[in-house]
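Report on the following structure.
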Amino acid sequence: MSLFVKSVFTVALVPSVAFAIGTSNPDQDNPHLNYWLADEVNDAKTAEDFQTIVSSKPQVISAPLSKPTRIALIYPSADLSDFWVRNYKALTARLNVLHIDYVIDEFSSRQIEHALQTRYIDEVLARQGEYDYVIYGPSELYVQADNIQRLAKSESFQSYIWAFHTPMKSWQFQPDAWFDFSSSVGAQALCDFLIQRLGSDVSFAMNRGIPGITDDQRSGDFKSCVEEEGGWINFYEHFGQYQAGGGRDGAALITQSFPEVTMLHNANTAMTLGSLEYLAEQSLIDGMYVTGWGGTAAEIEQIKQGNLNATPMRMGDDVGVATAEAIKFSLEGRTSDIPKIYLGRIEVVDDQMSTEEINARTREAFRYSGVELE
């Protein structure tokens, strides 16, 4: 039986059925959380071994397939961030070198198009017998919770979630696996770096995303960390909906209303670029320390140009590569070797690093999706 079972289970059954590996009673360990943490649902060695495989040269599937593997991919790839498209490229490239024949149906949206994603879910479920795997990048976890459970309930395919890693304790049906980068870990890494770089008592403001788990971790955890560990002072929080225009509006409001602010946090690439555009137009770049999120190609370019100061950089292709490896393991009947929550590697990159250092990390991060280096 898999760690997460595709059946209805009560809260009383969760510790004995769903969490038989690696934990005693997570509700007692983390009573303040309404979701499971990776180390509560993963076997540590399984997760470590799987990461080694993701970081290593591929080993082809053990036996050829009799027919192509059918995959539905529902994700907000129409957004400005290249996270989604790059992981599509990494997924397909890794599948190719694993010698897995496949057909992918893509269903694209923007991150704010919640209703469109629901329509896509309806369409996929109406044809669920056609698919072996459904990969879903939700527009937002809470908004799409019902849709995730609808996918997880199906016995026709394996359900994988992209860009989130927080299975909710209250859910009746759990996806087979989650693939993401830990926003909390990234927030802590950025916090530690900035306190060392900028010191204490910094006046800062934030371009936050959409209220929900992702922003709670990227922005909320960062805010708590710098306030508690660095004595930083938060002057303003603007919810920019993960859109470039929202980042631009936030930068305008902050600089016009709070001239004391010297550091601006952005919760994704689109808002980062929007805020940088405004600051450049107003000749305010040099007076503001600006951070991004994710280390996308656009952010790395802004760091090299001296506009963006720092970003938590995901080894971006890890999610796509890990998903391809999970598909291979599943086809080989090795689902027990797939961690229930896969978290890719993440490191802080900043404007004081040499071009050679940045390029080395960039090559590793985008080893399948590709990157042009200068």
Restricting region 66-111 to residues that are over 12 Å from TRP162 (Cβ atoms) and aromatic (Phe, Trp, Tyr), the residue that is nearest to the chain's Cα centre (by Cα): PHE107
Residue within region 198-208 that is within 16 Å of the chain's Cα centre (by Cα), among the aliphatic types (A, V, I, L, M) and not in a loop (DSSP other than H, G, I, E, B) present: no
Leading residue by the ranking (farthest from GLU364 (Cα to Cα)) among those in region 314-332 that are small (Gly, Ala, Ser) and at pLDDT 95 or above: SER330
Selection from region 82-114 of residues that are modelled with pLDDT of 95 or more and either out of contact with any strand residue (DSSP E or B) (no Cβ under 9 Å at 6 or more places or on another chain) or among the aliphatic types (A, V, I, L, M) (or both): LYS89, ALA90, LEU91, ALA93, ARG94, LEU95, VAL97, LEU98, HIS99, ILE100, VAL103, ILE104
Subset of region 115-142 that is among the hydrophobic types (A, V, I, L, M, F, W, C) and over 15 Å from HIS165 (Cα atoms) - its residue that is surrounded by the most Cβ atoms within 10 Å (Cβ to Cβ): VAL134
Selected residue [in the same structural domain as VAL54 (by TED's automatic domain parsing), touching a residue at least 60 places away in the same chain (Cβ under 8 Å), in a loop (DSSP other than H, G, I, E, B) and out of contact with any Ser or Thr (no Cβ under 9 Å at 6 or more places or on another chain)] from SER170, SER139: SER170
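Conditions (1) assigned to a loop (DSSP other than H, G, I, E, B); (2) closer than 25 Å to ASP82 by Cα, marked per residue:
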| position | (1), (2) |
| --- | --- |
| LEU95 | no, yes |
| ILE100 | yes, yes |
| THR118 | no, yes |
| LEU125 | no, no |
| ILE135 | no, yes |
| ILE148 | no, yes |
| ILE161 | no, yes |
Answer residue from region 62-79, given it is over 20 Å from LEU125 (Cα atoms) and at pLDDT 90 or above and is surrounded by the fewest Cβ atoms within 10 Å (Cβ to Cβ) among those: SER66
Positions within region 298-310 being within 14 Å of THR362 (Cβ to Cβ) and either out of contact with any strand residue (DSSP E or B) (no Cβ under 6 Å at 6 or more places or on another chain) or assigned by TED's automatic domain parsing to the domain that holds HIS265 (or both), in sequence order: ALA298, ILE300, GLU301, GLN302, ILE303, LYS304
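The values are calculated or read from the model by the stated rules, or taken from the named source; none is laboratory data. Worth saying up front: this structure is predicted, and the values here are computed from it rather than measured. Note that each Cβ is placed from the backbone with ideal geometry, even for glycine, and that neighbours are counted across all protein chains shown.
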